[in-house]
Each structure stands twice: as structure tokens, then as C-alpha cells.
């Protein structure tokens, strides 16, 4: 095995499924390791040092959701990409997977093409994260500072990064563009570092003044990043991801194609994840409710063809 070969850890109590996944992933050049249950996976996690884990939910000894939670509890593995595998397609299982810390969710029977597409996407994010840790320490420090201030933001930013990158791919943008949007997604809410914690954690709805304070975060994020060379290409999405396609958003109230494409893409993904995430003052809505709101778009907030592309991802 080449030291640079990407490692994937397949964890499933069904040997046939493990072999099927290994065959599909090995055909794409991945180095595949197997475990038959969650406890074995935890025991061998540091030995395998995977770039991606695929976890079945229903396993003896330790199920996939608990295994996922335990992996996420380890600081050195809290950004390790994890895909949950299950025969269940109901929304409650999907939400339970997200709450356990999974990055993605694939239903059985597996389509090799889907498995490879999801693996490539998350491994791309893993490589990006590794690069950030090795070469962009300022980036990592800022992301961690935001996590310490608002625990909601880290998980939200990761999900927005992945969803925006996928939406970009669905609309024909290049891998370089997708990488840029992964980075921008991770940092789009950086300006919330300057938002008062009493407002971020307020258990009731915000007043007009408090919401006005929240609305400063795109420009604050831009100010923080604009002196960093690597972040120049991220600034349009950071500043404009709350603009509305028909106008009336913030901070500049621009509309249509005046809004940078990166920001138009991110606005859809950011809104979906915000609607489906729990906040101090409300519980998240279901995925279906959020998708219906995106589709109806009563105030012209999102670009219609991008919403259609986003709906197609689901």
C-alpha cells in the first residue's frame, strides 16, 4: 500500500455487505479495511487511521450510532468523515444519524456509483481539512474560536460546506470551485465570533435590535478574513450569503446576478441547514418541511433554478 493511498474503514456485521463495499471502493483505488462491529472499529481506529468510515447502524456489540458518537467524542477524530449505512430510509433514522455526528447517510441496497460519489465528496473534505490543519493554522484557529463561542456553528458550518459543494457540482462547477465553496462554507459564519453570546444563546426570539446585531456577522467575517491571502476567494460568499435573490437581504440589499454565484449557492444550503437545525429558541423542522419552504419561496429569497437543483439532491 502506498503511504499516500486513501484509507476507508468499512464497519458492518454482514460480511457480504463488507465485501461488496470493498469491491466497489477498491476499484476506485481506495485501501479498504473491515470490521464486523462498532467495538472492533473503535479498538482498531488508531491502527487503521482511516480517511473515511462507513458505519452500518444495526450491529451487535455496539451499533453504528453509538460508535459514531464515541468517535466524535475523541478530539483527534471529531472531523473524521463518517457515512451511516442502513436499510432504513425514514426521516427519523436520518436525523438520528446527523445527531450522532454523521456527515452523510446512504440507504441499502447500495449503488456503487452513489457509494463512490459520497466517498469522493467526503474524502475531498477530509483532504481539505488536513491541508487547513497543516498549512493554514490561522484558518483552523478561527474555526475553533467560533466553535468555542457557539457549539451550534461548527456542525452547521460543516454541513453547509458539504451541501454547498454538492450543489456546485450539480450545477457543473469545477472541482476547484467546489473546494473553494467547502472552505467558504466552513468560514461563512466566522463573523459570529463578534456577536454577543447572550444573543447567540438566547432561548427566545430575538428583538429587532438583537437581530440587527446578528446581521453584522457577514461584514465582520469579511473584515477578519480580508487580510489573509488564502481567504480572498472566500470573501464574496462570506459577505453575501444572506442576500435575497429578489433583493431585501443583507448586508447590501443587492439582487439577482449582482449577488456572487458562490453566495447564491450557499444561501440555499445555509437556509436548509438552519431550518432543520435546533436553535436555543426552537427545534429544527423536518427535512421535508424545509424543502417545501425552499420550493415555495414566498419572498423570493433564493435563485429558483438553484433551489430545483438542491431539491434534486434529495
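Values computed for the structure shown
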{"quantity": "The listed residue being surrounded by 19 or more Cβ atoms within 10 Å (Cβ to Cβ) and within 25 Å of residue 76 (Cα to Cα), out of 41, 36", "calculated": "41"}
{"quantity": "Matching residues in the stretch 51-64 - criterion: being buried (at least 22 other Cβ atoms within 10 Å of the Cβ) and under 13 Å from residue 12 (Cα atoms)", "calculated": "53, 54, 55, 56, 57, 59, 64"}
{"quantity": "Matching residues in the stretch 99-112 - criterion: being in contact with a helix residue (DSSP H, G or I) (Cβ under 8 Å, 6 or more places away or on another chain) and closer than 19 Å to residue 277 by Cα", "calculated": "100, 101, 102, 103, 104, 105"}
{"quantity": "Residue in the stretch 162-173 that is under 16 Å from residue 125 (Cβ atoms) and part of a loop (DSSP other than H, G, I, E, B) present", "calculated": "yes"}
{"quantity": "Counted residues, the stretch 188-206 - those being under 10 Å from residue 149 (Cβ atoms) and within 23 Å of the chain's Cα centre (by Cα)", "calculated": "6"}
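Listed here are the residues, each with its yes/no results for (1) under 16 Å from residue 226 (Cα atoms); (2) in contact with a strand residue (DSSP E or B) (Cβ under 9 Å, 6 or more places away or on another chain).
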| position | (1), (2) |
| --- | --- |
| 162 | no, yes |
| 167 | no, no |
| 179 | no, no |
| 183 | yes, no |
| 186 | yes, no |
| 199 | no, no |
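Values in this text are rule-based calculations from the coordinates and carry no lab data. The structure displayed is predicted, hence computed values, not measured ones. Note that each Cβ is placed from the backbone with ideal geometry, even for glycine, and that neighbours are counted across all protein chains shown.
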